[in-house]
Amino acid sequence: MDSKALNILFLSSEIEGFIKTGGLADVGRALPEELAKLGNNVVACLPFYSKVDQSYKQSTPIVFDFLLNHCDRYFVKAYLVEKNGVSFYLIQHEFFDREGIYDDGYKAFEDNILRFAFFSKASLELSKQINFQSDIVHANDWQTALVPFYLKEHYQFDAFFAHCKSILTIHNGAYQGKSHARWLHPTGINPQYFVANIFEDYDDLNMLKGGIYYADKVNSVSNGYAQELREEQTGHGLAHYFAKKGDDFSGITNGCDYGTWDPSIDKSLIANYDLGNITGKHKCKAHLQSNLGLPVIKKVPLFVNISRLTDQKGHHFLIPALREFLNNPVQVAILGSGDPKLCEQLDQLHIEFPEKFSFTNGYSEALSHQMEAAGDFFIMPSVFEPCGLNQIYSMRYGTLPIVRSTGGLKDTVIALDQDNDKIATGLAFNRCNSDDCLDALNRANQLYYDFPVVFKRLQRNGLKKRFTWEAACKEYNALYTQ
Ligand code: ADP
Ligand code: GLC
């Protein structure tokens, strides 16, 4: 073991390879694995949802119990899965024996606060059970935001955690784990902490707010978003509390797992390709067009979008923009799931433009890789975007991102302007409305048809660009050692 190696306990409600709904899962796998590669000892915990491969239950679990508050005792089974240098523990309880992860398809589970408070404290208890004395406990998002609180209040006098520091990474500040104050007692939060600068938020309990207060360090997943979080208009109601953290709140841009997202080795693709020879990309395009029922035409620009369908992602103004844009010789393909109203509107758009527009309502990892490879452009019109991963994947696949200038999108994509085509990697627009979005789509279209040399230059710039986890982990390591 390296002399500077740290013991890191990493908690996430999603980890790719076990369970994924969005980018948190990508980070939940890549970050602990990279930290382990750098020589740290990493234990990562996630809930054992019923959607996770149940065959992991064949191993012998660690069985223990603990008190979440003064009187409620919980019994836990934790199953170990060793992968790529990380010890992953699946925390099992009937809380997670449900079809959905966070909701039943329509509504968030009413007891989510309790489910994830349980998961958070159970993970700390597990570390004691396995005698893994962590230097750092790394929590992610509201689901594990109670970890810093438990460490500072429940385990204040516990020698096992005496040298343990906490870090809370905010992947999405809009989700805060806000709920009725009746959850205070079940989750072990004494009323004395239910005050405006800790957990209280207009009479509700706000888990993320308490996490920000208690964590030794807080970071978000890009500098741009970290700055937006400090500002009233974009701080999701918590700007004051982020600003108050001062130097203990920073931004670290996510990396990309190039073992998974690399067109030269991607097994989901019909043909591989890379910078030197992108003919494989044309094959991927023809294959996708044919699979999606679009006319197989090489010389028409294909715009793709893969996304959770929520207000955050901008489909409410993208859809009207597309209704105009689709009158051009273009093709657009969307893969997404979520808001039923947006799904309906996207289905309707397909009825209006059956030869030009395809919508796949669902979740498919293989298709997401195929779309990244097949597209000429990737549309990412987010209202806000803490980091965003698809624009980073897109660059690696030679698919030009068209982004709204916000948060991580602004930080990672160099938008084309008058004379920066030597370095530009995509296109951008500023305001969240259909006109600005349509304007960017039209500029992209013009680039494709009228300026093919510039288009190819941007494609090459993107193919060369790297956002490595190694670089991001160096920043995390620096934060840990502070
Ligand atoms: P967010 O985490 O806000 O959803 P990111 O861009 O950080 O946004 O990450 C989204 C991740 O989820 C990417 O890996 C993307 O490919 C994946 N994803 C989103 N929706 C789907 C879907 N319908 N099918 C397959 N993958 C999806
Ligand atoms: C969140 C954000 C996204 C980010 C991801 C991983 O889901 O919405 O922007 O890339 O987390 O950090």
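Worth a mention:
- If you go through segment 36-64 and pick out every residue that is in a strand (DSSP E or B) and open to solvent by less than 60 Å² (accessible area, probe 1.4 Å), you end up with 9.
- Test: Val383 is at pLDDT 95 or above, within 16 Å of ligand 1 (Cβ to nearest atom) and open to solvent by 40 Å² or more (accessible area, probe 1.4 Å): yes
For (1) modelled with pLDDT of 95 or more; (2) within 25 Å of Tyr155 (Cβ to Cβ); (3) under 21 Å from the mean Cα position of the chain (by Cα); (4) more than 16 Å from ligand 1 (Cβ to nearest atom), each residue gets a yes or a no:
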site	(1), (2), (3), (4)
Ile15	yes, yes, yes, no
Arg29	yes, no, yes, no
Pro47	yes, yes, yes, yes
Val63	yes, yes, no, yes
Leu80	yes, yes, no, yes
Leu90	yes, yes, yes, yes
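- Scanning segment 353-365 for residues that are within 12 Å of ligand 1 (Cβ to nearest atom) and open to solvent by 50 Å² or more (accessible area, probe 1.4 Å) turns up Asn361, Tyr363, Glu365.
- Applying the criterion of being touching a residue at least 12 places away in the same chain (Cβ under 8 Å) and among the acidic types (Asp, Glu) to the residues of segment 105-138, the residue that is most open to solvent (accessible area, probe 1.4 Å) is Asp135.
- Flag if Leu427 is surrounded by 17 or more Cβ atoms within 10 Å (Cβ to Cβ) and not in a strand (DSSP E or B): no
- Output for segment 318-338, where each listed residue is away from ligand 1 (no atom under 16 Å from the Cβ), outside any strand (DSSP E or B) and crowded, with 19+ Cβ neighbours inside 10 Å: Ala321, Leu322, Phe325, Leu326, Val330
- Across segment 376-421, the qualifying residues are those that are among the small types (Gly, Ala, Ser) and out of contact with any helix residue (DSSP H, G or I) (no Cβ under 7 Å at 6 or more places or on another chain), and the one among them that is nearest to ligand 2 (Cβ to nearest atom) is Ser405.
- Pairs where the first residue, in segment 358-377, is farther than 29 Å from Arg460 by Cβ and aromatic (Phe, Trp, Tyr) and the second is open to solvent by 20 Å² or more (accessible area, probe 1.4 Å) and more than 8 Å from ligand 1 (Cβ to nearest atom), C-beta under 9 Å, 6+ apart: Phe359/Asp347; Phe359/His350
- Output for segment 121-170, where each listed residue is touching a strand residue (DSSP E or B) at 6+ places or on another chain (Cβ under 7 Å), of a type in the set (S, T, N, Q) and farther than 17 Å from Asn206 by Cα: Ser123, Ser127, Gln129, Gln133, Ser134, Ser166
- When Tyr102 is tested against (1) open to solvent by 10 Å² or more (accessible area, probe 1.4 Å); (2) touching a residue at least 24 places away in the same chain (Cβ under 8 Å); (3) more than 27 Å from Gly251 (Cα to Cα); (4) not basic (Lys, Arg), just one condition goes unmet, and that condition is (3).
The rows are residues; the columns are (1) aliphatic (A, V, I, L, M); (2) within 16 Å of ligand 2 (Cβ to nearest atom); (3) over 20 Å from Asp411 (Cα atoms); (4) modelled with pLDDT under 95.
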| residue | (1), (2), (3), (4) |
| --- | --- |
| Gly177 | no, yes, yes, no |
| Thr187 | no, no, yes, no |
| Phe194 | no, no, yes, no |
| Ala226 | yes, yes, no, no |
| Tyr241 | no, no, yes, no |
| Gly246 | no, no, yes, no |
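- Within segment 415-423, none of the residues are assigned by TED's automatic domain parsing to the domain that holds Cys437, in contact with an Asp or Glu (Cβ under 8 Å, 6 or more places away or on another chain), without any contact (Cβ under 8 Å) to a residue 40 or more places away in the chain and more than 12 Å from ligand 1 (Cβ to nearest atom).
- Residues satisfying the stated conditions in segment 290-315, i.e. more than 16 Å from ligand 1 (Cβ to nearest atom) and farther than 12 Å from Asp376 by Cα: Ser290, Gly293, Leu294, Pro295, Val296, Ile297
- Selection status of Ser268, touching a strand residue (DSSP E or B) at 6+ places or on another chain (Cβ under 8 Å), at pLDDT 95 or above, small (Gly, Ala, Ser) and under 30 Å from Phe384 (Cβ atoms): no
Rundown of residues vs (1) in the same structural domain as Lys121 (by TED's automatic domain parsing); (2) open to solvent by 30 Å² or more (accessible area, probe 1.4 Å); (3) without any contact (Cβ under 8 Å) to a residue 12 or more places away in the chain, yes/no style:
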site: His185; (1), (2), (3): yes, yes, no
site: Ile189; (1), (2), (3): yes, no, no
site: Ala196; (1), (2), (3): yes, yes, yes
site: Phe199; (1), (2), (3): yes, no, no
site: Met207; (1), (2), (3): yes, no, no
site: Gly211; (1), (2), (3): yes, no, no
site: Lys217; (1), (2), (3): yes, yes, no
site: Thr234; (1), (2), (3): yes, yes, no
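So that you can scan it fast, the table gives a plain yes or no per residue for (1) open to solvent by 40 Å² or more (accessible area, probe 1.4 Å); (2) under 21 Å from Ala25 (Cβ atoms):
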site: Gln227; (1), (2): yes, no
site: Arg230; (1), (2): yes, no
site: Ala243; (1), (2): yes, no
site: Gly246; (1), (2): no, no
site: Asp257; (1), (2): no, yes
site: Ser264; (1), (2): yes, no
site: Ala271; (1), (2): no, no
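- Taken together, the residues in segment 1-17 that are in a loop (DSSP other than H, G, I, E, B), open to solvent by less than 20 Å² (accessible area, probe 1.4 Å) and away from ligand 2 (no atom under 15 Å from the Cβ) amount to 1.
- Here Leu441, Leu389 are screened, and the one residue that is over 23 Å from His171 (Cα atoms), surrounded by 18 or more Cβ atoms within 10 Å (Cβ to Cβ) and touching a residue at least 24 places away in the same chain (Cβ under 8 Å) is Leu441.
- From the options Leu349, Leu322, residue that is outside the structural domain of Asn172 (by TED's automatic domain parsing) and farther than 27 Å from Val454 by Cα: Leu349
The values are calculated or read from the model by the stated rules, or taken from the named source; none is laboratory data. Just so you know, these numbers come straight off a predicted model, no measurement behind them. With ideal geometry, Cβ positions are generated from the backbone for all residues, glycine too; neighbour counts draw on all protein chains shown. These area figures cover heavy atoms from the full protein model, side chains too; ligands, DNA and RNA do not enter into them. Shrake-Rupley method; radii C 1.70, N 1.55, O 1.52, S 1.80 Å.
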